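Asks: Pasting a structure below so you can have a look.
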Amino acid sequence: MAFSLVESVAGLVVVILTTIGLPGLFALMTVESFGIPPVPSEVILPFSGFLVAEGVFSLGGAVAAALAGGLAGSYIAYAVGRWGRHRLLDLGIGPLRIEPRHLDRMDRFFERHGEATVGIARLLPVVRSYISYPAGTARMGPVRFGIYTLAGSVPFTLAFLYAGIVLGSRWTSVSGYFKWVDVAAGVLVVVALVYIVLLLLGKITAGWPPRWRRAGAAEPPALAEPDGGPPSVP
């Protein structure tokens, strides 16, 4: 999400917030957390903070609307990821095709690190709008998902609202400053995608730091299912 995109939608965000009020804030944060189309929280929240400073919004109302909208959008994206899980099977071309073992790896990753992954992702522009999809695909527990979504969203939301309150009419400077955060988040997304592709191809081992898998290394043994069904391949 580059600064040019932030500028291009800033006017629309201002119109929605000034004409619709807190329901508009709820709607914008729902779309922002769903991630499609991208709507920058770096514009929504600072301008909402400016409206709090002007007495148009109450602080409590702005916080509640922003968090509720963010949670609603996150659960929508989570549901899409969970509903579309099996539609991902055999998706792709050649060695990049998604297979059941790849979903099993994602399941194990979110089982071990899902809370930290979701909580930290909610603090990062760009990434925060899309983490719900893999969390849903990995069937992370919905209650755990909601708790850690809120845990990461609260400090993010309060920080940007406070920035808008303090800066007042100069709230747009927040967008200019955080364009570098957007760039860093974009780089992080690219690194994560490269990591996932290399992991799916079997070139590196899971975990951090990743290590190159030795040629001819044996796959870990299959694990028997608890119900006595066929073994699953890690």
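The values are calculated or read from the model by the stated rules, or taken from the named source; none is laboratory data. Only a predicted model underlies this, so the values are computations on that prediction, with no experimental measurement involved. When we count neighbours, we look across all protein chains shown, and the Cβ atoms used for this are built from the backbone with ideal geometry, even at glycine.
Each row is one residue, and each column tells you yes or no for (1) of a type in the set (Phe, Trp, Tyr); (2) at pLDDT 70 or above; (3) over 30 Å from Arg101 (Cα atoms).
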residue: Ala121; (1), (2), (3): no, yes, no
residue: Leu124; (1), (2), (3): no, yes, no
residue: Ala135; (1), (2), (3): no, yes, no
residue: Phe145; (1), (2), (3): yes, yes, no
residue: Leu150; (1), (2), (3): no, yes, yes
residue: Ala185; (1), (2), (3): no, no, no
residue: Val191; (1), (2), (3): no, yes, no
residue: Tyr195; (1), (2), (3): yes, yes, no
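Asks: Scan the range 42-86 for residues that are among the charged types (D, E, K, R) and in contact with a Pro (Cβ under 7 Å, 6 or more places away or on another chain) and report the count.
Replies: 1
Asks: From (1) under 19 Å from Ser153 (Cβ atoms); (2) at pLDDT below 90; (3) more than 19 Å from the chain's Cα centre (by Cα); (4) not acidic (Asp, Glu), pick out the condition that doesn't hold for Ile36.
Replies: Of (1) under 19 Å from Ser153 (Cβ atoms); (2) at pLDDT below 90; (3) more than 19 Å from the chain's Cα centre (by Cα); (4) not acidic (Asp, Glu), only one is false for Ile36: (3).
Asks: Could you tell me whether the range 41-57 includes any residue that is touching a Phe, Trp or Tyr at 6+ places or on another chain (Cβ under 8 Å), over 21 Å from Val154 (Cα atoms) and either modelled with pLDDT under 90 or in a loop (DSSP other than H, G, I, E, B) (or both)?
Replies: no
Asks: Inside the range 69-169, counting only helices (runs of 4 or more DSSP H) that do not spill past its ends, which hold 3 or more residues that are under 29 Å from Val14 (Cβ atoms), in contact (Cβ under 8 Å) with a residue 60 or more places away in the chain and under 15 Å from the mean Cα position of the chain (by Cα)?
Replies: Here the list reads 142-167.
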